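The values are calculated or read from the model by the stated rules, or taken from the named source; none is laboratory data. For clarity, every value in this text was computed on a predicted model and none was experimentally measured. All Cβ positions, even for glycine, are placed from backbone atoms using ideal geometry, and neighbour counts span all protein chains on display. In case anyone asks, the SASA skips ligands and DNA or RNA and just uses the protein heavy atoms, side chains included. Shrake-Rupley method; radii C 1.70, N 1.55, O 1.52, S 1.80 Å.
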Amino acid sequence: MLMRTALAVAILAVASSTALACTVCFPYPKATGVDYLDDAGVVVLARENPAKRFSFLAKQVLKGALAVPEVDLFLNSSDRRKLTVDPGRAAVLVHGRFHEPVSPTGVTQDAPATEDAAPAWRSLGVASLRQETLIRDVLERLPQWNAAANGDAQRAAFFMPYLADPERAIRDLAYLEVGQADYDLILKADRFVTSEEVQAFLNDRQYLEWHPLYILLLGVNADEAERAYIRQQAQTRLSLGQTINLSAWITAYIEADGETAIDWIERTQLNLLSASGEVVVQIFDALSVHGNRTTPVLRDRITRSYDVALSNYPVLAGRIAKDMALWRDWTLAETVRRVRTEFADLDNASAYAIDYYLGSAETN
């Protein structure tokens with residue numbers, strides 16, 4: 001009973017929000033450099049300590065207060081060379097309760113702060129002068145973003161103009177910030193990245209893990225040539241069972257071709273029992289993103305595809321039940337109930353989501 005209540009609270013909390021984060025770019029939240037700046041008690045610009053090689057000396061405090069300028073943090077050889085070559089650059093250091101080190105891209109799967117971690121210094125890398133300016137601007141805006149009801153949207157919108165920035169570090173940070181926004185907001189980034197820039201990013205194999213956001217942008221206001229390209233990419237990957245960035249290509253395919261795309265996906269994938277579990281899950285992710293839009297014009301068509309998926313791929317029942325509960329649509333209650341009865345090996349999370357949906361359907 002407690003677990004079901006907890007699930008209900010979680011579902012209602014999500015349902016009460018104005019938009020859902022797009023899970024196509026990232027299936028789970030990733031901490032970014034901005035998260036570290038936000039959670040840090042102290043942020044400084046630092047260079048190598050001349051009195052203690054391979055350590056730092058703070059030159060300027062950007063946030064908080066620092067008692068002594070010496071920072072007992074190892075300065076790696078790569079960053080040391082950057083600072084030596086350019087005396088005008090500085091490393092960005094943050095002090096707070098961090099339990100995971102920052103990767104070279106400033107990303108960690110886990111949240112950057114924990115109550116039980118000891119306060120420590122972390123380096124966000126050596127910043128260019130343009131990065132320093134951006135960091136100062138971000139630090140100034142963070143209190144406003146944190147206080148605003150739509151602060152996350154404001155924060156994502158702020159970074160949109162940087163998606164095609166000439167500096168990769170700035171570009172990558174912008175990707176992480178915009179990529180965790182809701183789908184409708186992501187689509188607004190299209191005006192900041194030209195079709196030529198999008199294609200250049202997609203042709204860059206070093207950007208493979210970063211492709212999903214730019215694939216989504218390719219589907220916005222696509223011309224006939226772009227629609228044909230998206231259609232070919234999505235259909236080929238689905239036919240061959242290629243799963244790399246598949247959900248992004250399907251999402252863009254639906255954006256470009258609407259119900260026609262869903263018809264093809266349902267006919268060639270969901271109506272068959274040959275699709276792999278990972279392919280089906282990525283199809284669901286794309287359908288769910290479109291179904292959870294602020295103005296979900298395709299929701300009725302997606303619901304019909306959910307009905308087909310429930311019959312052929314009951315493993316999706318929990319996730320489908322969660323979406324249907326969010327939409328307060330009880331038309332699939334009988335199908336979901338049958339799945340609940342016939343398949344005893346559903347995982348606990350799926351069973352709870354199904355039970356919540358069925359219980360809600362009975363009272364509505």
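In the set (1) in a helix (DSSP H, G or I); (2) surrounded by fewer than 22 Cβ atoms within 10 Å (Cβ to Cβ), the condition left unmet by residue 242 is number (1). Taken as a whole, the range 58-72 holds no residue that is surrounded by 13 or more Cβ atoms within 10 Å (Cβ to Cβ), part of a helix (DSSP H, G or I) and touching a strand residue (DSSP E or B) at 6+ places or on another chain (Cβ under 7 Å).
Checking the structure you have, find out if any residue of the range 296-310 is open to solvent by 50 Å² or more (accessible area, probe 1.4 Å) and part of a loop (DSSP other than H, G, I, E, B). Talk me through it step by step, then tell me what you get.
Going through the range 296-310, the residues open to solvent by 50 Å² or more (accessible area, probe 1.4 Å) turn out to be 297, 299-300, 304, 307.
Add one more test, that the residue is part of a loop (DSSP other than H, G, I, E, B), and what stays is 297.
Yes.
Against the criterion of being open to solvent by less than 20 Å² (accessible area, probe 1.4 Å) and touching a Lys or Arg at 6+ places or on another chain (Cβ under 8 Å), residue 207 does not qualify. Of all the residues that make up the range 258-275, how many are touching a Phe, Trp or Tyr at 6+ places or on another chain (Cβ under 9 Å) and farther than 19 Å from residue 22 by Cβ? Of the residues in the range 258-275, 4 are touching a Phe, Trp or Tyr at 6+ places or on another chain (Cβ under 9 Å) and farther than 19 Å from residue 22 by Cβ.
One residue alone among 79, 38 is within 19 Å of the chain's Cα centre (by Cα) and in a helix (DSSP H, G or I), and that residue is 38. Here the condition is being open to solvent by 70 Å² or more (accessible area, probe 1.4 Å) and either in a helix (DSSP H, G or I) or modelled with pLDDT under 95 (or both); of 226, 196, it holds for 196 alone. Within the range 122-169, can you find the residues that are open to solvent by less than 40 Å² (accessible area, probe 1.4 Å) and outside any helix (DSSP H, G or I)? Passing the criteria: 123, 125, 126, 127, 128, 148, 163, 164, 165. May I ask you to list the residues in the range 338-364 that are open to solvent by 20 Å² or more (accessible area, probe 1.4 Å), part of a helix (DSSP H, G or I), within 18 Å of residue 309 (Cα to Cα) and touching a helix residue (DSSP H, G or I) at 6+ places or on another chain (Cβ under 6 Å)? Scanning the range 338-364 gives a single hit, 340. The single residue among 286, 234 that is crowded, with 21+ Cβ neighbours inside 10 Å, more than 24 Å from residue 332 (Cβ to Cβ), within 24 Å of the chain's Cα centre (by Cα) and of a type in the set (A, V, I, L, M) turns out to be 234. Scan the range 43-50 and give yes if some residue there is part of a helix (DSSP H, G or I) and either of a type in the set (Val, Ile, Thr) or open to solvent by 20 Å² or more (accessible area, probe 1.4 Å) (or both), otherwise no. No; the residues of the range 43-50 include none that is part of a helix (DSSP H, G or I) and either of a type in the set (Val, Ile, Thr) or open to solvent by 20 Å² or more (accessible area, probe 1.4 Å) (or both). The C-beta contact set for the range 80-98 (first residue in contact (Cβ under 8 Å) with a residue 60 or more places away in the chain, second residue among the aliphatic types (A, V, I, L, M) and not in a strand (DSSP E or B), distance under 7 angstrom, 6+ apart or interchain) comprises 96/40; 96/113; 98/113; 98/117.
Criterion first (open to solvent by 20 Å² or more (accessible area, probe 1.4 Å) and of a type in the set (Phe, Trp, Tyr)) does residue 249 satisfy it?
Numbers: open to solvent by 20 Å² or more (accessible area, probe 1.4 Å): no; of a type in the set (Phe, Trp, Tyr): yes.
When the stated conditions are applied, residue 249 does not pass them.
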